[in-house]
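Report on the following structure.
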Amino acid sequence: MLELKTYDTKELCEALNVKITSFKTHKEKFLKDYDYVEMKTGRSKSYQIFSYKEPEKSEFIQLCEQIAGREVKFPKEETAEKLIKLLFEDDWTIENCDNIGWEVPNRLERHTVGKYIELFREYKILPKKKELIERHSFDTETGELFSKFIDPNKYTYYKVFTSTEMREEITKEEWLEMHSFIREIYEENIVDQLELCKGNPEAIKEVKKFARAEAHKACVYEYGGVPRKSISKALTKEAYNLFSNYFKKDDATDNLETTKNILDT
């Protein structure tokens, strides 16, 4: 990296570690990362390096920054582009990071997919998760506390078939019904067993674990799965519109290359 100062030709070539003849032939290549002024004094030349050029950003990153309204950085740009294209082409909301990772060329690990999903939300490419609002909800008759928070996020509700991990989207009403069913079965299994524990913490822990397992088994038998919910993994409207032209152009280039390869064989 050159210092921001004035060099004569010899000093500059030494700093760049190139021969003077090579520098004179390919000057623009060697100084492509710098803003400079070339000055001539008699038969000699000097070069004032006054700033560093920003690396040219790809069209993909420029689109991401247009959506985010700020600078965007990914661990690997190529990986981010592959994942966004996958999310652009289909709605993967009810799929977990493992399943999404299997669909990406060269496969991605679950934690890697999760990291990129978080970045996409931060950069407004996917809907950003909103903070929970503290507000207690009670049963007016029994005084039972239902919840301590209101969740303002829009969720997609689905059930998971635990034996095969197949997923099926359901309505919020079905999701609530399944949750109520699980709670009822859990309470039925635990009410008598807790008395037998006589306050033993380990025994209580095992009884609760057994009651949860039985409640989930009953839910699978009754409803064909257990309830789950997930915040959208579909691109925001702005991101979808901007990437629409980008990926269509990309696909057209791929198709052209494929056709060319076929004609060449």
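The values are calculated or read from the model by the stated rules, or taken from the named source; none is laboratory data. As the structure is a prediction and not an experimental result, all values here were calculated from the model. Note: ideal-geometry Cβ built from the backbone for every residue, glycine included; neighbour counts use all protein chains shown.
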With the condition kept exactly as written, say whether any residue in region 166-185 is of a type in the set (S, T, N, Q) and modelled with pLDDT under 90.
no
Residues that are out of contact with any strand residue (DSSP E or B) (no Cβ under 6 Å at 6 or more places or on another chain) and at pLDDT 90 or above, drawn from region 46-62:
58, 59, 60, 61, 62
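Quick grid of which residues meet (1) in a helix (DSSP H, G or I); (2) touching a residue at least 40 places away in the same chain (Cβ under 8 Å); (3) farther than 23 Å from residue 130 by Cβ:
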residue	(1), (2), (3)
153	no, yes, no
157	no, yes, no
175	yes, yes, no
179	yes, yes, no
183	yes, no, yes
189	yes, no, yes
192	yes, no, yes
195	yes, no, yes
State whether one or more residues within region 238-255 are touching a residue at least 60 places away in the same chain (Cβ under 8 Å), within 30 Å of the chain's Cα centre (by Cα) and in a loop (DSSP other than H, G, I, E, B).
no
Among (1) charged (D, E, K, R); (2) over 18 Å from residue 128 (Cβ atoms); (3) part of a loop (DSSP other than H, G, I, E, B), where does residue 85 come up short?
(3)
Filtering region 28-75 down to residues that are more than 35 Å from the chain's Cα centre (by Cα), surrounded by 15 or more Cβ atoms within 10 Å (Cβ to Cβ) and part of a helix (DSSP H, G or I) yields 30
Tabulated pairs, region 93-108, first farther than 24 Å from residue 236 by Cβ, second surrounded by 18 or more Cβ atoms within 10 Å (Cβ to Cβ), C-beta under 7 angstrom, 6+ apart or interchain
107/101
Return a yes/no flag: does region 100-109 have any residue that is touching an Asp or Glu at 6+ places or on another chain (Cβ under 8 Å) and surrounded by fewer than 17 Cβ atoms within 10 Å (Cβ to Cβ).
no
State the number of residues belonging to region 76-88 that are touching a residue at least 60 places away in the same chain (Cβ under 8 Å) and either surrounded by fewer than 16 Cβ atoms within 10 Å (Cβ to Cβ) or in contact with a helix residue (DSSP H, G or I) (Cβ under 6 Å, 6 or more places away or on another chain) (or both).
2
Mind checking whether some residue in region 217-234 is within 30 Å of residue 64 (Cβ to Cβ), out of contact with any strand residue (DSSP E or B) (no Cβ under 8 Å at 6 or more places or on another chain) and among the basic types (Lys, Arg)?
yes
Can you say whether residue 148 is farther than 17 Å from residue 88 by Cβ and at pLDDT below 85, as far as the supplied structure shows?
yes
Here are some residues: 230, 244, 163. Which one is modelled with pLDDT of 85 or more, under 22 Å from residue 95 (Cα atoms) and small (Gly, Ala, Ser)?
230
Which residues, taken from region 96-112, are part of a loop (DSSP other than H, G, I, E, B) and touching a Lys or Arg at 6+ places or on another chain (Cβ under 7 Å)?
104, 105
